[in-house]
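Notes follow the structure.
What follows is calculated from the coordinates using simple rules that are stated; it is not laboratory data. Predicted, not measured: the structure shown is a model, and the values here were computed from it. Note that each Cβ is placed from the backbone with ideal geometry, even for glycine, and that neighbours are counted across all protein chains shown.
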Amino acid sequence: MSKDPQRILIADDEPLARQRIQRLLETLPGYRVCGEASDGNDTLQKVAALEPDIVLLDIRMPGMDGMEAAEKLSQLHNPPAVIFCTAYDHYAIQAFDVRAIAYLLKPVRREALADALARAGKINRVQLQALTREPDSSTGQLAVRTHRGTELIELADIHYCEADQKYVTLHHTRGETVCDYTLKELEQAYPEHLLRIHRHTLVGARFIQALRRNPDGQSVLILRDLPTALAVSRRHTSHVREWLQEHQPSP
């Protein structure tokens, strides 16, 4: 049975550099370019949308540079392998800090690229085996534009999403992030990850623990790792109860 080709994202602000890498990859079997990015923010968004196995990443790019983008990627549960392709040799030490697989100097040679890709493939297979052993693992990221640039948030790390006027705040394991997605957009895009419990609230499915009734008769949802209970609207209570019966293991 033939193995699926490794999916590669080429990130470089120079179109000619991207074209050259693309031509090199066409001579190497087992790899397929799934997209291109022109800066760090674009790279994070494309990683979230395309989920590549490997990112060939330039360092000096406008806005968020490749080193900062690689640092953000390294924080993901299941990051793509990163191979730096740069004209500058003085970033090599930093490359180890962000867990880069290889550091290739431009002009990138075919043999060096083939060797780096082979190493990246081995790393990814180890990661894949680890994922299949972890039942709670969940892939997928949300790319959110903030005043600091683009932030990648693991869907599996989101405790709940709360709408307030025209913004939605994502409450996750690393803090809070305000985004311009609507709750409806998030609910429709990620039904496996997010469950509606209120007109103003979606919750992360993997954190749901129990449905209770408080002394006032209001239904509330208890989430793991969260000290406060979240209000469940009367309209959504039966659906949440059905979800719990379906997804919680029998005693």
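Sorted largest first, the principal axis extents computed over the alpha-carbon atoms of the stretch 141-247 equal 43, 28, 26 Å. Distances between placed amide hydrogens fall under 5 Å for Glu151 paired with Val144, Arg145, Thr146, all partners being 5 or more residues away or on another chain. Taking a straight line from the alpha carbon of Lys166, these aspartates and glutamates sit under 20 Å away, with near neighbours fewer than eight places off in the same chain left out: Glu151, Glu176, Asp180, Glu185, Glu187. Ranked by the mean number of other Cβ atoms within 10 Å of their residues, highest first, the peptides 111-119, 41-49 come out as 41-49, 111-119.
Once the dipole of the stretch 152-223 is set up with Lys and Arg at +1 and Asp and Glu at -1 on Cβ about the Cα centre, which of Leu186, Ile158, His200 lies farthest towards its positive end? Farthest towards the positive end: His200. With the chain treated as a Gaussian network of Cα nodes joined by springs under 10 Å, which of Val55, Val240, Val203 yields the largest mean-square fluctuation? With Cα springs under 10 Å in the chain, the top fluctuation among Val55, Val240, Val203 is at Val240.
Dividing the mean sequence gap of close Cα pairs (under 8 Å, 6+ apart) by how many residues the stretch 141-247 holds gives a relative contact order of 18 percent. Diffusion coefficient of the stretch 139-191 by Stokes-Einstein, Kirkwood radius over Cα pairs, 4 °C, 1.567 mPa s: 116 µm²/s. For Gln209 and Ala189, a Förster radius of 25 Å and the Cβ-Cβ distance give a FRET efficiency of 0.55, rounded to the nearest 0.05.
Within a straight-line Cα-Cα reach of under 28 Å, Lys106 can be paired with the following lysines, leaving aside sequence neighbours fewer than 8 residues apart in one chain: Lys46, Lys72, Lys122. Phi angles across the stretch 18-32 convert, under the Karplus curve 6.51 cos²θ - 1.76 cosθ + 1.60 with θ = phi - 60°, into 3J(HN,Hα) values of 5, 5, 5, 4, 4, 5, 4, 5, 5, 8, 10, x, x, 9, 9 Hz, Gly and Pro given as x.
For the chain, the calculated P(r) over all alpha carbon pairs, in 10 Å bins from 0 to the bin holding the longest distance, is 7, 28, 28, 19, 12, 5, 1 percent. For Val220, neighbours were defined as the other residues whose beta-carbon sits under 14 Å from its Cβ, and their charges (Lys and Arg +1, Asp and Glu -1) total +3. Annotation: aspartates and glutamates with alpha-carbon distance below 14 angstrom to Lys3 (same-chain offsets under eight excluded): Asp53. Our estimate of slack between Leu50 and Ala87, defined as 0.36 nm per intervening residue step minus the Cα-Cα distance, is 10.7 nm. Extension gain for Arg109 to Lys166 (0.36 nm times residue separation, less C-alpha to C-alpha distance): 15.5 nm. Shape class of the stretch 6-133 from the Cα gyration tensor (axes a ≥ b ≥ c, square roots of the eigenvalues): rounded, since a/c falls below 1.5.
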